[in-house]
Amino acid sequence: MFSIDLTGTTTGSEGQNESLCYYWGTSGIEADMWFCWTADATGVTTATTCALASFDTKLAAYPGCDCPTDGTALACNDDACGGFQSSISWPTTSQTTCTLQVGTFPGATGGLGAIDISTAPPPGPGFALCFGDGNGTPCPCANSDGPGAGCRNTTGVGCELAATGSNSVLADDLVLTATGALAAQPGLFFQGENFINGGNGLAFGDGLRCCGSNVFRVQIVFPDASGTASTSESVAENGGAQSGDTRCYQSWYRDPSGGGVCGWAFNLSNAYSVSWTF
């Protein structure tokens, strides 16, 4: 945990036009401090000011420790928790560096606080994130579910995306599995290059869109009678993933019963991050 003091900070021109940081009509992060941080482990890193600051914070992370260029943010977030504090998560590899931008929402007054940074090792070929459990971006119509899945659908639960196998491009044995979708309704496993809203997602249909930028369709699968669907084709090949790439995966599926929980007739699972190796 690190102390932050934004009472006398100013605003420079760097990090003010990042599209991933666009919230409430602006991409700016004012009264900001910059830190160079070195990852001490491989996994998912979370930087948060939740319950650690009493003012309106805004956070961003960029690769390396040089001045960032627009469009390179790994994650960005404005309000992830009560009190207008922020939380971002992104995949990291041990001993790699990143730049953290810690500031306020434009127009807000800075103050004293702290930022906590931690890295959790992945339990499998990657890790799940962007849940519809109400702890990050709210589900579109208060249709939150428990931890570990997407927003609730018309079956009363959210769709959970997990993976088995390995993150090796050479082994090519990674399988994505979605459970809790709608039986016999078309579903689409897709891949994105970044994690929307700092890995918290944005409202989309009856769920949250978590994966964005250069989206690839991995495979269309119809779930079985239990609402379970798995990929049978090469995830790496269909998405064009190569060693060194970190990719975001998600399952989109139809939920036409009564027009869906929120009236959009489609929903999404949580997201799953894979950092591919050779």
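The values are calculated or read from the model by the stated rules, or taken from the named source; none is laboratory data. Please read these numbers as outputs of a predicted model, since none were measured by experiment. Backbone-built Cβ (ideal geometry, glycine too); neighbour counts: all protein chains shown.
In table form, for the structure just shown:
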item	result
Asp66 vs. criteria surrounded by 14 or more Cβ atoms within 10 Å (Cβ to Cβ) and outside any strand (DSSP E or B)	no
Every residue from the stretch 191-229 that is closer than 12 Å to Leu129 by Cβ and in contact with a Phe, Trp or Tyr (Cβ under 7 Å, 6 or more places away or on another chain)	Phe195, Gly199, Cys210, Cys211
Any chance Phe105 is within 15 Å of the chain's Cα centre (by Cα), aromatic (Phe, Trp, Tyr) and on the phi < 0 side of the Ramachandran plot	no
Pairs where the first residue, in the stretch 82-110, is in contact (Cβ under 8 Å) with a residue 40 or more places away in the chain and surrounded by fewer than 18 Cβ atoms within 10 Å (Cβ to Cβ) and the second is assigned to a strand (DSSP E or B) and of a type in the set (S, T, N, Q), C-beta under 6 Å, 6+ apart	Thr97/Thr38
Members of the stretch 215-248 that are of a type outside the set (Val, Ile, Thr) and either assigned by TED's automatic domain parsing to the domain that holds Ser86 or under 30 Å from Cys81 (Cβ atoms) (or both)	Arg247, Cys248
Meets criteria (of a type in the set (Lys, Arg), in contact (Cβ under 8 Å) with a residue 40 or more places away in the chain and closer than 22 Å to Pro140 by Cα) for Arg247	no
Any chance Thr99 is within 19 Å of Ser3 (Cβ to Cβ), touching a Phe, Trp or Tyr at 6+ places or on another chain (Cβ under 6 Å) and of a type in the set (Ser, Thr, Tyr)	yes
All positions within the stretch 236-254 that are over 18 Å from Phe222 (Cα atoms), outside any helix (DSSP H, G or I) and not charged (D, E, K, R)	Gly240, Ala241, Gln242, Ser243, Gly244, Thr246, Cys248
Thr177, sole failed condition from (1) in contact with a helix residue (DSSP H, G or I) (Cβ under 7 Å, 6 or more places away or on another chain); (2) assigned to a strand (DSSP E or B); (3) among the polar types (S, T, N, Q); (4) surrounded by fewer than 23 Cβ atoms within 10 Å (Cβ to Cβ)	(1)
